[in-house]
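Below is one structure, written out as structure tokens, with a few remarks after it.
Here, each number is a calculation from the coordinates, and none is a lab measurement. Values in this document were obtained by computation on a predicted structure and should not be read as measured data. Note: ideal-geometry Cβ built from the backbone for every residue, glycine included; neighbour counts use all protein chains shown.
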Amino acid sequence: MFSRDRWDEILEALNANKFRTFLTAFGVFWGITILVLLLALTNGLKNGVTADFGDFATNSMFMWTQGTSKPYKGLPKGRYFSYKIGDVAAIKSEIPNLKYVSPRNQLGGYNGANNVTRGTKTGAFEIYGDYPEFIKQQPMDILQGRFISYSDIEAKRKVCVIGTGVVKGLYDKEEEVLGTYIKVNGVNFLVVGTFKMSNSQGDGEQDASTIYIPFTTFGQAFNRGENVGWMAITAVDGVSITSLKQQVFDLMKFRHKVDPTDERAIGHFDLSEQFERINGLFSILSLVGYFVGALVLMSGIIGISNIMLIVVKERTKEIGVRRALGASPWSIKSQILQESLILTILSGMVGISFAAFVIWVMNIILDNAGPVDNFANPSVSMQVVFTALIILIVSGVLAGLIPANSATKMKPVDALRKE
Amino acid sequence: MIQIKDLHKSYHMGSNSLHVLKGINFDVKEGELVSIMGSSGSGKSTLLNILGMLDEADEGEYILDNVPIKNLNEKIAAKYRNEFLGFIFQSFNLINYKSALDNVSMPLYYKGVKRKERTERAMHYLEKVGLAQWSHHLPSELSGGQKQRVAIARALASDPKVLLADEPTGALDTKTSYEVMELIQGINDEGKTILVVTHEDDIAHMTKRIVNLKDGLIIDDSPVEQIRASAHV
């Protein structure tokens with residue numbers, strides 16, 4: 001179908017009226033540019049918002065205790081209780097489909113008082129007692145040394161892994177960090193590793209000013225005993241934590257003698273639910289992007305169809321001559337179709353390239369200007385580009401269909417008579 | 001070569017019906033050079049269009065080179081036109097964005113001839129009409145006479161059985177007209193069957209036979225003494 005002769009024919013025809021070809025192509029160019037840009041911006045917004053979730057495994061929830069609101073089994077309401085380390089094992093053994101159950105304890109906090117010292121330097125940092133699997137829920141890059149290990153947990157070693165912010169606050173430049181000691185609330189800890197968050201956005205500084213120590217050490221050193229501050233629970237892939245959380249609550253209520261109907265006793269934050277909600281929002285936004293972009297594109301397509309009709313009309317006589325010389329109706333039709341197809345695809349490709357260029361410039365500006373709230377890395381996937389191309393091909397054929405049919409509708413004798 | 005029996009054609013415009021051809025009978029043998037004359041409205045162009053399969057008769061029989069031409073669909077008509085017929089038009093009808101060479105090779109393109117051979121053959125016919133050095137010029141860069149010669153080369157390119165010329169000299173001055181007729185006579189001398197529609201007496205007398213049409217009927221069909229166009233140039 002696309003022989004070299006046919007190419008020559010098409011290029012000749014398109015070249016015969018360059019300005020008109022350009023104007024026609026511009027409609028489609030503009031349509032596809034808008035389509036791709038809209039999707040890229042949606043994506044940028046999505047990246048920005050989901051970055052606030054950090055890298056934390058999204059199929060997770062956090063669970064802590066609050067005061068009971070109902071009396072139960074002779075216990076009064078307004079009673080405070082604490083999860084115990086035994087609860088973790090109970091959850092792991094009794095509830096299937098959970099990937100990680102990490103008990104956590106925390107010391108210090110945002111804008112807290114100075115609690116860490118090293119020599120003459122002091123700083124206020126967040127100190128967490130954690131289990132080794134926590135790094136799987138909250139991915140971080142270990143820059144030096146290692147993360148907490150199970151032998152640390154078992155031996156209750158006083159070791160710590162510190163963030164880049166802590167290093168900056170307590171050490172001189174180029175100073176060796178591993179193997180040194182820092183004093184947390186008066187207790188000495190050996191630094192065994194440094195980390196930074198894999199993909200920190202916005203909260204980067206806070207994340208970096210964090211110190212991780214073994215959970216068991218935390219309990220002993222800071223007088224928490226068996227108590228667990230809160231838990232981070234992640235479900236296995238394919239099973240939503242939202243569908244499992246009620247079982248976890250029921251188990252906890254049972255173990256801590258809380259009325260099963262007491263909704264207030266256990267507080268939680270369902271990351272998965274929030275994430276799904278945001279994801280749903282962006283699915284809709286993407287859909288709107290496709291919809292609006294496709295509409296703009298459609299007006300470009302109608303432009304091509306329109307111009308091709310005029311071209312066919314103008315070339316009525318030429319078409320008559322071609323048919324007198326032996327052109328079959330199909331060869332005329334396919335030529336018109338291919339002209340429209342090539343015009344559409346060519347202008348579409350230029351449009352996609354142009355959109356890619358704009359996105360590239362946008363990213364450079366964003367990189368230079370620093371992070372912007374709720375907006376990051378606008379981009380489109382290859383999948384979107386291919387979808388756009390398929391839309392283009394289909395619409396190119398559609399645009400050429402009516403003109404191609406009208407080109408051969410007229411009898412050759414009438415076509416030849418046209419001036 | 002051409003046999004026509006009792007050919008009828010009417011045009012319908014709203015409720016009016018115009019009977020243009022009212023029973024045409026005539027034969028053309030191979031190698032003839034025939035002119036069809038008549039005042040405007042006599043039906044000569046309609047006859048030529050039917051002969052050229054650009055239009056269809058309502059009634060009657062048309063046999064071209066022993067092939068009955070009847071109930072053709074457009075695809076077959078296009079094939080027959082390509083194989084049997086070469087057209088020469090009054091207004092040349094060259095494609096204005098194609099060079100002379102490309103114009104001439106178009107019938108060969110539709111015939112499916114390979115590119116290289118096509119160009120060679122087109123060049124051959126351009127040489128024949130004396131325009132080899134103009135092969136890469138666009139029609140707009142050629143004079144009227146030259147354009148018609150390119151058109152003649154194009155009509156010859158697919159080596160058709162019959163050439164159909166509709167007022168081939170209608171848009172040309174006398175001198176160029178004679179040059180074009182000289183070329184047509186030359187092609188006829190080589191044995192090609194040619195039909196020329198004209199309303200100019202001097203052009204008609206350069207053919208070998210004049211068919212006179214009036215009101216859709218042949219009123220006179222007689223051989224004439226051919227006047228060589230070269231005598232006038």
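Brief remarks on what is shown
- Sequence of A:ILE148, A:ILE365, A:ILE32 once ranked by neighbouring C-beta atoms within 10 Å, starting from the fewest: A:ILE365, A:ILE148, A:ILE32
- Highest average packing first - B:160-170, A:279-289, A:230-240, Cβ atoms within 10 Å: B:160-170, A:230-240, A:279-289
- Over chain A, volume per residue of the alpha carbon convex hull, in Å³: 201
- Relative packing of B:13-19, A:85-91, which averages over residues the other C-beta atoms within 10 Å, highest first: A:85-91, B:13-19
- Scattering profile of region B:1-129 at q = 0.09 Å⁻¹ [log10 I(q)/I(0), Debye over alpha-carbon scatterers]: -0.34
- Per-residue Cβ neighbour rank within 10 angstrom, fewest leading, A:ARG277, B:ARG81, A:ARG4, A:ARG255: A:ARG4, A:ARG277, A:ARG255, B:ARG81
- If you model region A:60-269 as an ellipsoid using its alpha carbon gyration tensor, with each semi-axis the square root of five times an eigenvalue, the axes come out at 33, 19, 15 Å, biggest first.
- At R0 = 60 Å, FRET efficiency that the Cβ-Cβ distance of A:ASN363 and A:LEU178 yields, to 0.05: 0.95
- Distance (nanometres) between label positions extended 7 Å along Cα→Cβ at B:ASN73 and A:ARG6: 2.0
- The angle between the Cα long axis of helix A:85-94 and the longest principal axis of the Cα atoms of chain A comes to about 50 degrees, rounded to the nearest 10.
- Taking 7 Å steps out from each Cα toward its Cβ at A:PHE269 and A:LYS313 produces label points 6.5 nm apart.
- Estimated D of chain B in µm² per second, where Rh is the Kirkwood radius over Cα pairs and Stokes-Einstein applies at 25 °C, 0.890 mPa s: 135
- Surrounding net charge for A:GLY74, when Lys and Arg each add one and Asp and Glu each subtract one, Cβ distance under 12 Å: +3
- Between the helical axis of A:18-51 and the longest alpha-carbon principal axis of chain A there is an angle of about 10 degrees.
- Residues whose amide H comes within less than 5 Å of that of B:MET206, counting only those at least five positions distant or on another chain, are B:ILE227 (H built at 1.01 Å from N in the peptide plane).
- Cα-based helix-to-principal-axis angle, B:174-189 vs chain B, degrees rounded to 10: 80
- Straight Cα distances below 20 angstrom link A:LYS168 to the aspartates and glutamates A:GLU126, A:ASP141, A:GLU176, A:ASP203, A:GLU205, A:ASP207, with same-chain residues fewer than 8 positions distant left out.
- Per principal axis, descending, Cα span of region A:170-296 in whole Å: 64, 51, 24
- B:SER40 paired with B:ASP173, simple spin-label distance in nm, labels 7 Å along Cα-to-beta-carbon: 2.3
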